[in-house]
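First comes the structure, then the notes that go with it.
The values are calculated or read from the model by the stated rules, or taken from the named source; none is laboratory data. None of the values given here were measured: they were computed from a predicted structure. No Cβ is skipped: glycine too gets one built from the backbone with ideal geometry, and neighbour counts run over all protein chains shown.
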Amino acid sequence: MTNDNRHKTAKLPRRMAYRRAGMFAVGEIVVVVVTLAALLWFGSQLLTAIEGENAQAESPWHGCAEARVYRISLDADGERMWVYRPIEGIVHINLASGRVEQFREMGSFEFLALAHSLDGSTSLLCTGTSTALWTRDRREPFAMHTGSSTEVSVDAAVSADGGMAIYLTSQGIARGWYRDGDEMKEVSYELPAGSTVIRMGLSHSGDRMCVARADGTVAIHSARTGVALTERVAAGGDFNTLVWSEDEQSIAVAGSGGILQLLDAEDLSCLWQTRLNGQNSMSMPTAIALSPDRKLIAVTFNGSTEISICPVNTNETVRQLQGHKGIVRALQFAPDSKSLYSGSFDGTIRQWNACTGLVLRVVD
């Protein structure tokens, strides 16, 4: 073997060693990079989980799935209240004693719309395709109606004395019952063609019905026949929450962007209007209440745990009621207009002093 060949042969182990050393170095770098990436990923997942737990703890839905309050309805004397929770059913509470006087279990049904008479004697309950009329003295429905999958109710209402019970679909189909002597007769008609129905409100006597549509149209119809009595296009936006005054002289409406109006119940002219600060075009009202003396309007918006109380026709400051930990879905003033009841997805009902905004009591 020549010297050159020996020299080349001697270099081979060194080259292979260098190559192996280089491979080990690259492998170590890859391991380090992969390890760091795994640590970063795990840390991000842990942080996300922590943030998720915090968000869930602060979420209005947290821990309230079965206890959330959907509807409340005070009796005319303000001493008893109907409370509807989706899983629990309908409970009649004596507010003076705090005792449950009546209980109506509704199973696991989720209702799209429901309403009660002021005396609590009559309840109208609407699921996706069926509607039932219940009376206080019966354990079974007094009357039922089963519709098609296209007749999905968007709102329901019962007159103060229970003599008229009606529900309305988004297509403007009205169905229900009215009292004629000792009998309850069926109501069934279709409103004049128009855009999608968003909300409906029934006067306390049950004679007239106010309907709000998606195109901003507000109309008053005969509740028994559906004949249009008055109609106008709302100025300032679409209204999707409304309530009649007890004397049936005015209607309080709320719409997107925090717009509130008080309308004349005869010609639907605007008697008073305001826009709440802090609300944008995505702010949609979820509940509204008008005090019996027509001096205060309470309203709450989607996703909010706060309640705004707005003095009507005065320069008084809007009061913000804070205390609920869940979305507020139901509002109603007491008969004396001095206090406000609110039902929330946190499972509680709060009674507020309508003048000071202080919490008077909490009903679980």
Residue within the stretch 232-240 that is polar (S, T, N, Q), free of Cβ contacts under 8 Å to residues at least 24 places away in the same chain and under 24 Å from residue 147 (Cβ atoms) present: no
Report yes if some residue within the stretch 75-83 is of a type in the set (Lys, Arg) and at pLDDT below 85; otherwise report no. no
Residue ID - modelled with the lowest pLDDT, chosen from residues in the stretch 115-140 that are assigned to a loop (DSSP other than H, G, I, E, B), over 21 Å from the mean Cα position of the chain (by Cα) and of a type in the set (Gly, Ala, Ser): 120
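Examine the stretch 224-233 for a residue that is surrounded by fewer than 18 Cβ atoms within 10 Å (Cβ to Cβ), within 27 Å of the chain's Cα centre (by Cα), among the β-branched types (Val, Ile, Thr) and not in a strand (DSSP E or B), and state whether such a residue exists. Give the derivation first.
Step one: of the stretch 224-233, the residues surrounded by fewer than 18 Cβ atoms within 10 Å (Cβ to Cβ) are 225, 227-233.
Checking which are within 27 Å of the chain's Cα centre (by Cα) leaves us with 231-233.
In the following step, the residues that additionally are among the β-branched types (Val, Ile, Thr) were identified as 233.
Next, from what is left, pick out any that are not in a strand (DSSP E or B): none.
Within the stretch 224-233 (the criterion being surrounded by fewer than 18 Cβ atoms within 10 Å (Cβ to Cβ), within 27 Å of the chain's Cα centre (by Cα), among the β-branched types (Val, Ile, Thr) and not in a strand (DSSP E or B)), the answer is no, since none of the residues qualifies.
Name every residue in the stretch 314-364 that is outside any loop (DSSP other than H, G, I, E, B) and of a type in the set (S, T, N, Q), in order of residue number. Full working, then the answer.
Let us first name the residues in the stretch 314-364 that are outside any loop (DSSP other than H, G, I, E, B), namely 319-321, 328-333, 339-344, 349-353, 359-363.
Once the filter is applied, which keeps residues that are outside any loop (DSSP other than H, G, I, E, B) and of a type in the set (S, T, N, Q), the stretch 314-364 yields 320, 332, 339, 342, 344, 351, 353.
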Sort out which residues of the stretch 238-251 are hydroxyl-bearing (Ser, Thr, Tyr) and either within 17 Å of the chain's Cα centre (by Cα) or surrounded by fewer than 14 Cβ atoms within 10 Å (Cβ to Cβ) (or both), and write them in order of number. 241
When the residues of the stretch 300-313 are narrowed to those that are over 21 Å from the mean Cα position of the chain (by Cα) and in a loop (DSSP other than H, G, I, E, B), which ends up modelled with the highest pLDDT? 312
Scan the stretch 280-298 residue by residue and report those that are crowded, with 21+ Cβ neighbours inside 10 Å and without any contact (Cβ under 8 Å) to a residue 60 or more places away in the chain. 285, 287, 288, 289, 290, 296, 297, 298
Checking the condition closer than 22 Å to residue 210 by Cα, without any contact (Cβ under 8 Å) to a residue 24 or more places away in the chain and of a type in the set (D, E, K, R), which residue from 364, 264 passes? 264
Residues (at pLDDT below 95 and in a loop (DSSP other than H, G, I, E, B)) located in the stretch 205-223: 214, 215, 216
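What number of residues within the stretch 145-184 satisfy the criterion of being assigned to a strand (DSSP E or B) and not basic (Lys, Arg)? Before the answer, list the steps.
Going through the stretch 145-184, the residues assigned to a strand (DSSP E or B) turn out to be 145-146, 153-158, 164-169, 173-180, 183-184.
Subset that is not basic (Lys, Arg): 145-146, 153-158, 164-169, 173-174, 176-178, 180, 183-184.
Counting residues in the stretch 145-184 that are assigned to a strand (DSSP E or B) and not basic (Lys, Arg) gives 22.
What are the residues in the stretch 252-288 that are small (Gly, Ala, Ser) and either in a strand (DSSP E or B) or under 18 Å from the mean Cα position of the chain (by Cα) (or both), if any? Steps first, please.
Of all residues in the stretch 252-288, those small (Gly, Ala, Ser) come to 252, 254-258, 265, 269, 278, 281, 283, 287.
Scanning the stretch 252-288 gives 252, 254, 255, 256, 257, 258, 281, 283, 287.
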Of these, 276, 268, which one is at pLDDT below 95, of a type in the set (A, V, I, L, M) and on the phi > 0 side of the Ramachandran plot? 268
